[in-house]
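Only the coordinates and a few stated rules stand behind these numbers; no lab work does. The structure displayed is predicted, hence computed values, not measured ones. No Cβ is skipped: glycine too gets one built from the backbone with ideal geometry, and neighbour counts run over all protein chains shown.
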């Protein structure tokens, strides 16, 4: 698929070629609250408190392996918050509380025995704005393997870095300047570097929070192509603003509105024959 | 003096009323057809009356004593100066006598005639003592003559000053008054004058720097005429003696300064940096709101307090519990004492600057690191700190410049012995201590022992200035990176 | 290529933390502990510092007095017998000393306290300042002559130290200035209620005293000197600083000159204070020949030092006023000057005042530059701060000293009782600073505006 094709792509070219695999992650009855402080108040209690923002309301989602799942919805609908539930990134925000169950291959990731650090190695994340560390390209990609101790020696590490960069389809552009700072790359390259960085820890699930919203159309096309490619090895969850993007890259789509999961189904079903009127309104541009 | 000021102010007020009236009158009583508000016409006249007159008054007041001193001093017969201890002392005596006679006249003990007719035979000292003015020594004819011409000149100066100031004020008033009419752009004129004053104020900063550099350069030049500069910069001995033959080598002082600063940074940088990391990355809002101000209190405490702390608490403690048992010396003032106390002083300096800098590292970098499964400390060590490094280096350099220029802690805590030694429990001395030492007390500003302080000051100024400029440059570059 | 697994790490359960993670978490906890320890050390240092100063200095606010009757015999204090204070002033403090000594001895006799000390040794228990105090009382009120007054007499520094726990019987054995017998007698007097340790107003109001009479040394002159200098700084630095900031922030074109001024100001703020002292010495004293140790010179030097602080604070608060305010005023036809003086400046005023107070607080604690301009001189008399000399700059004032400099001079005296005095002076200084900072904080709280 050439770049131009990718840009020209619209809903008619949805790639549904790969069969949906087995279940990877499962979220059940998830509620998220902001401004809740510490403590162990129940979900009902916090939901009734006007001072607390109820960001996610009773959401159930199943995430399949080797599938791209997209979360769409208007701004502030909770799709990014929910994404961050999946690798416990919300733990780093003061006053954010979560109730409900999320499992990764049957293991509850919010279990007290689970170390979020270990979890995040398995559930990697790519952010909205490319955020390469102020280090060399090599060190950016090697960061994850180093902290998790994935490489036995230097050669091993170099191999991981190369594979990750290749997988992120940026190897050819940077192979001659691995020592150059990652911040010197263009926006699209930076984002692919960040993807390579996430891939390098060999996660099982890759979360992407609007990975293309800060990129120009050409870079967007490159990243979208990459996402499609990544599906062969990972389960990918992508939050996106653009319905076209969701249609282009994902097989499953979840539509969020005001913190609720309105509809979750196969992507082509959502875009051609939504069952909920709100989904239809959003897709046809009446809300959003 | 006071009445000159009052009269000037009265003139200014008069100018305000007159200017305003004339402006309104020229508009036929209709303020709407004036170019500016009536207030501005008044202000315009007032400013033209007061500003030149006050400027001249100020300059005159400062210049007159200098000029008269120079003239009188030049008139003194050289042979007489050679007899007396020094020209400066003689001048002080002359001034005191002139002051005494003036005071006596003021108190009514002398009348003006009598004051002029005084002669040495009259036992002036006794007469003045009766009038309540104490003189240090008997009056010699030369001194009396000089004092009389001193009085005469200052009297004349004062008269001329009054005349000049009032002439200027009246001229300004008349000029501004005559120029006032309804079409005068009074507001613009007033605003120009205000702008001029503002500009003048902002150049004071430059003047201060120029003053610092010039004053030190001048005396440093004098010093190097008396003492070879090679011996100053490369001399390994510091042994001033007021009989001459002093050894005034910079190296031992510089060594003490750097050694103490190094220990201070050794204390301040780890503690300050870790405190900043804790405050920025770990502490809850509540802890932060208590701990941060508490640490910053340390920055508000005057250095003399730290000096006393070093002198009465830290010094004896270090001596009794460390130096003496370890056999490293028994001096309570030591490099260690001054270094540790100075380190405490610098903690808030390092921590609050680093705190700002760490907070300026974008959250997205932290998220990126957490998203890859890094722990918080790994994120801090491998992402936040490297990103913040230039800023932190800048902060440390600023702290170093503080440490090098710090005076009171080392005066009270480090000792006065200039020594090239490695033992941190030994008393050593610094550049600043010696500046204080050479310039306090009775100093003869023509001797190399006093003038060396200016060379030391210039050295200190150049070192700290270099550090500051470099540090500010780094910090500024760093801020731009994340803006 | 892309389908090859990146690493062959074995799959592991989330529930079982592997050894590496355990190690990493331990490192995490250690790191956190370092941070906490650092904050702890900082706060601990503050506490130790304050405790040390308070512990050493609080006792200087209390002073030991002994009371006994003194007969002011006319032949001693007024030999001419005409009750003229002018004539009586010829009797120096040395004339009053025997009066005190004999009165003290007589009092002991009357009380039936046995002692084998001589008059000289007894008198040594009283402060050397005591005769001067009695003399002052008599000169102020000549009617006292011939009467017997019940006076509270300042006791000597060592006796005072004994009641404050600083001097013990053991230390007295080794001390040339006091004997155990004197201490015992003092204890007997105290048991009978003749000795009183009470609040020491003189410490705050009295001028300094010479090195051998720490018990009489006070801060009066230093406080006045500091106050006068703060006044000079306020009167000069505030208007100049505000004017300079307005020019730089609102009017100055962006060019090399203003750039230079900016770099200059931020550098001046970091120039060691002692350099300002050298400047003051060279310019004000050596070149302009102002009086040494004049508080006006001190004020000028501190003004130059404080200016950068005030300018930086003022510019920050001018910058915080949103441009919409300026545009609103300009839009109504106000001139630029009017918009700034009518609208921007009043809105920035709280910030400017806060910055000024903080600058003043800095100046109040500054010592080093004042040493160089000679403010360390021993000042026994209250200075005439408005004194006019025939041929010097007006408002020059007589020599004075300042609080932090007074601390320094006291640390240079040999009598250990001055450590107590110096610490006490620091407490006074810190109280002033605390008040100033509280005012600054209150101002900020009261007027803080978020745009």
Taking the Cα-to-Cβ direction at residue B:324 and at residue C:75 and moving 7 Å from each Cα, how far apart do the two end points lie in nm? 5.6
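If you take the Cα Rg of the protein assembly as shown and divide it by 2.2 N^0.38 Å, with N the number of residues, what do you get? List each step's numbers first, then the result.
Details: Rg = 39.6 Å, N = 1222, 2.2 N^0.38 = 32.8 Å.
Rg over 2.2 N^0.38 Å, computed on Cα atoms: 1.21.
Per the Kirkwood definition applied to all pairs of different Cα atoms, how many angstroms is the hydrodynamic radius of segment A:26-99? Working shown, then result.
Details: mean 1/r = 0.0768 Å⁻¹.
For segment A:26-99, inverting the mean 1/r across all distinct Cα pairs yields 13.0 Å.
First measure r as the distance between the Cβ atoms of residue C:251 and residue B:13, then evaluate 1/(1 + (r/R0)^6) with R0 = 30 Å and state the FRET efficiency to the nearest 0.05.
Between residue C:251 and residue B:13 the formula returns 0.55.
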If you rank A:56, A:72, B:263 by fewest surrounding Cβ atoms within 10 Å, what's the result? B:263, A:56, A:72
Using 5 Å bins from zero, what percent of all Cα-Cα pairs in segment B:2-184 falls into each bin? 1, 8, 14, 13, 11, 10, 8, 7, 6, 6, 5, 4, 3, 2, 1, 0
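Write down the Kirkwood hydrodynamic radius of segment B:188-271, to one decimal in angstroms, obtained as one divided by the mean of 1/r over all alpha carbon pairs.
Hydrodynamic radius (Kirkwood, Cα only) of segment B:188-271 equals 17.0 Å.
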Spatial extent of segment B:238-481: Rg and Dmax, with the Cα atoms as the point set, Å: 20.6, 74
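For chain B, just run the numbers: alpha carbon Rg, then divide by 2.2 N^0.38 Å, N being how many residues it has.
Values: Rg = 31.8 Å, N = 483, 2.2 N^0.38 = 23.0 Å.
Rg over 2.2 N^0.38 Å, computed on Cα atoms: 1.38.
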Shielding of C:232-240 by other chains, given as the mean Cβ count within 10 Å, works out to 1
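Between residue C:210 and residue C:446, how high is the FRET efficiency from 1/(1 + (r/R0)^6) when r is the Cβ-Cβ distance and R₀ = 41 Å? Nearest 0.05.
On the way: r = 47 Å, r/R0 = 1.14.
Efficiency for this residue pair is about 0.30.
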Long-range tail of P(r) for chain C (Cα pairs > 32 Å, %): 58
Cα gyration tensor of segment B:296-355 - equivalent ellipsoid semi-axes, whole Å, descending: 26, 12, 7
Could you work out how far helix B:141-179 tilts from the main Cα principal axis of chain B, as a 0 to 90 degree angle to the nearest 10? 90
Quick check on segment A:133-218: what does the Kirkwood estimate of hydrodynamic radius come out to from the alpha carbon pairs, in Å? 13.0
Per the 1/(1 + (r/R0)^6) rule, R0 = 25 Å and r from the Cβ atoms of residue C:147 and residue C:176, FRET efficiency to 0.05 is 0.10
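Multiplying the sequence separation of residue B:166 and residue B:126 by 0.36 nm and subtracting their Cα-Cα distance, what value in nm do you get? Walk me through the intermediate numbers first.
Numbers: separation 40, 0.36 × 40 = 14.40 nm, distance 4.00 nm.
Full extension of this stretch gives 10.4 nm more.
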Counting C-alpha atoms alone, how compact is segment C:220-447: give Rg to one decimal and Dmax as a whole number, in angstrom. 19.9, 70
Given labels modelled 7 Å from the Cα in the Cβ direction, how far is it in nm from residue B:445 to residue C:377? 1.5
Rounded to one decimal in nm, the spacing of the 7 Å Cα→Cβ label points at residue A:214 and residue B:56 is 6.6
For segment B:405-453 and segment C:222-240, distance of Cα centres in Å: 29
Please determine, in degrees from 0 to 90 and to the nearest 10, the orientation of helix B:186-226 with respect to the longest principal axis defined by the Cα atoms of chain B, where the helix direction is its Cα long axis. 70
With everything on Cα atoms, drop me the angle between helix C:345-365 and the longest principal axis of chain C, reported from 0 to 90° to the nearest 10. 50
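Enter the mean projected area of the convex hull around the alpha-carbon atoms of segment C:61-199, in nm², rounded to one decimal. Mind showing how you got there, number by number?
Numbers: hull surface 33.9 nm².
Taking the Cα atoms of segment C:61-199, their convex hull projects to 8.5 nm² on average.
Expressed as a fraction of 2.2 N^0.38 Å, the rule-of-thumb size for a compact globular protein of N residues, what is the C-alpha radius of gyration of segment A:167-258? Please list the in-between numbers first.
On the way: Rg = 13.6 Å, N = 92, 2.2 N^0.38 = 12.3 Å.
Ratio of Rg to 2.2 N^0.38 Å for segment A:167-258: 1.10.
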In range of the label at residue C:235: residues from segment C:266-303 whose backbone nitrogen is under 15 Å from the point 7 Å along Cα→Cβ: C:295-303
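If the chain between residue B:114 and residue B:294 were fully stretched, how many nm would it gain, using 0.36 nm times the residue separation less the Cα-Cα distance?
Details: separation 180, 0.36 × 180 = 64.80 nm, distance 6.70 nm.
The residue B:114-residue B:294 span can extend by a further 58.1 nm.
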